[in-house]
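Quick notes on the structure that follows.
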Amino acid sequence: MADAAADAPPLIFEPWFDRAEYEGRLARVQARLRDGGHDALLAFQPESVTWLTGFFTRGYGSFQFAIVPTEGRPCIVCRDVEDYYLDATSVFPDRALWTDTDAPVAVGATAIRDRIGSSPALAVEMGAWPLSAARLDALRAALPGARWADASHLATNLRLIKSPAEIALQRRAGRAAEAGMQAAIDSAGVGVSEREMAAEICAAMIRTGSDLPGPGVMSSGARAFHLHGGYSDRVLEAGDIVQIEVTPNVRHYHARFMRPIRVAPVQDGDEEVVSRLIAIQDDALREVRPGVPAHVPDAVYREGVLSAGLRESYTNKTFYSVGLLLQPSGGEPLEATPDATWRFEPGMVFHTYVLARGFGMSETIAINESGYERLTNYPRQLFVR
């Protein structure tokens with residue numbers, strides 16, 4: 001499964017895609033801006049900045065954003081120490097840099113005024129986590145003639161349809177996820193700590209191409225019956241369930257999956273429960289193809305679990321979109337629930353999962369013209385250590 005060097009993705013401190021891909025993304029955003037009567041988008045969500053311009057730095061949590069005019073090229077506002085990464089990763093050169101002795105919001109306001117004017121109609125990602133209420137208030141005060149409109153989902157909605165190059169990175173992340181799961185299974189056993197397991201998982205995923213270690217959701221014992229546990233110093237005991245979801249990424253494009261692990265001895269009914277979960281997931285995925293409403297496979301999941309008596313209620317979402325995700329983002333805002341009205345489209349990528357009695361079974365899938373491609377390909381069974 002090793003990749004040839006020629007097939008390796010660009011380095012993380014290079015543009016991750018061809019310039020034409022960034023130009024196409026910019027054109028789609030600018031078309032939406034024109035349709036909405038806006039003069040520019042202020043993109044504060046780190047994923048939006050990277051997706052639109054290529055610019056990536058691990059310092060994305062500082063005050064930075066992209067000014068995306070309806071016509072012309074974007075300008076990036078950020079801290080001056082990111083100059084190297086601007087040169088290395090951004091396909092658009094315009095920038096406005098602030099230093100640690102500056103007032104960053106003032107620099108940003110001046111950059112907007114210089115490029116868009118003093119009374120622009122601004123579409124703003126107001127829901128972006130780096131844009132605090134205080135920063136937004138300060139920008140408004142500095143630009144009293146501007147008109148402000150929330151456009152939190154403008155770029156995000158466009159990112160829901162991935163290009164073949166984006167899905168290729170997620171396919172590679174799927175291979176890193178498979179390596180991580182193999183390490184989880186190989187290292188589990190009585191007397192092994194969750195921390196030691198996590199170290200093996202992280203090492204395997206990093207060596208297979210993941211840019212972050214993970215390991216993702218991981219817990220044992222009583223915590224295995226509850227989502228979003230992280231590894232601890234707890235030592236595995238006989239009979240434990242280990243809930244594990246490996247979450248690697250390649251150039252911060254994610255793929256992930258779950259598999260059920262039981263530390264021997266196996267309990268009565270384990271194999272039956274896991275086999276039923278696999279069958280329910282197979283039934284749900286048979287409904288996944290372009291044009292199908294999301295609530296259709298969602299209902300298959302819920303009805304299958306409840307009718308089998310595996311849970312008394314099922315409140316979890318069953319699909320959620322994954323792609324370019326920068327922490328703390330854990331998923332994209334497209335989810336399958338009973339009242340979901342959206343439909344599957346080619347280019348969408350989802351993590352889809354089913355959970356019951358401490359056991360989880362999930363995959364990352366990419367929607368194509370005829371159905372879907374599984375980006376995570378690992379044996380589907382109960383693993384006993």
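The values are calculated or read from the model by the stated rules, or taken from the named source; none is laboratory data. Given the structure is predicted, the values throughout are model-derived calculations rather than measurements. Virtual Cβ from ideal backbone geometry, glycine too; neighbours counted across all protein chains shown.
Overview of values
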quantity: Qualifying position, being in a helix (DSSP H, G or I), closer than 18 Å to H351 by Cα and either in contact (Cβ under 8 Å) with a residue 40 or more places away in the chain or of a type outside the set (A, V, I, L, M) (or both), among Y314, Y301; calculated: Y301
quantity: Checking C202 against (1) surrounded by 16 or more Cβ atoms within 10 Å (Cβ to Cβ); (2) touching a Phe, Trp or Tyr at 6+ places or on another chain (Cβ under 9 Å); (3) in the same structural domain as S329 (by TED's automatic domain parsing), the condition it does not meet; calculated: (2)
quantity: Qualifying residue in the stretch 223-234 (condition: closer than 21 Å to P379 by Cα and modelled with pLDDT of 95 or more); calculated: no
quantity: Residue check, E272 acidic (D, E), surrounded by fewer than 16 Cβ atoms within 10 Å (Cβ to Cβ) and under 24 Å from R343 (Cα atoms); calculated: no
quantity: Residue list for the stretch 328-376, filter: of a type in the set (F, W, Y), free of Cβ contacts under 8 Å to residues at least 60 places away in the same chain and assigned to a strand (DSSP E or B); calculated: F350
quantity: Count of the stretch 332-347 residues which are within 30 Å of V273 (Cβ to Cβ) and surrounded by fewer than 17 Cβ atoms within 10 Å (Cβ to Cβ); calculated: 3
quantity: Matching entry among A284, A255, A222 (being closer than 30 Å to F17 by Cβ and out of contact with any Lys or Arg (no Cβ under 7 Å at 6 or more places or on another chain)); calculated: A255
quantity: Per-region count, the stretch 143-158, residues out of contact with any Phe, Trp or Tyr (no Cβ under 7 Å at 6 or more places or on another chain) and crowded, with 17+ Cβ neighbours inside 10 Å; calculated: 6
quantity: Residue match in the stretch 135-146 (condition: within 25 Å of M348 (Cβ to Cβ), assigned by TED's automatic domain parsing to the domain that holds V49 and out of contact with any helix residue (DSSP H, G or I) (no Cβ under 7 Å at 6 or more places or on another chain)); calculated: no
quantity: Residue list for the stretch 206-232, filter: under 16 Å from M258 (Cα atoms) and not in a loop (DSSP other than H, G, I, E, B); calculated: G216, V217, M218, S219, S220, R223, A224, F225
quantity: Cβ pairs under 8 Å, 6+ apart, first in the stretch 212-237 and assigned by TED's automatic domain parsing to the domain that holds R256 and at negative phi, second part of a loop (DSSP other than H, G, I, E, B) and of a type in the set (F, W, Y); calculated: P215/Y231; M218/Y231; S219/Y231
quantity: Yes/no for M197 being in a strand (DSSP E or B) and crowded, with 20+ Cβ neighbours inside 10 Å; calculated: no
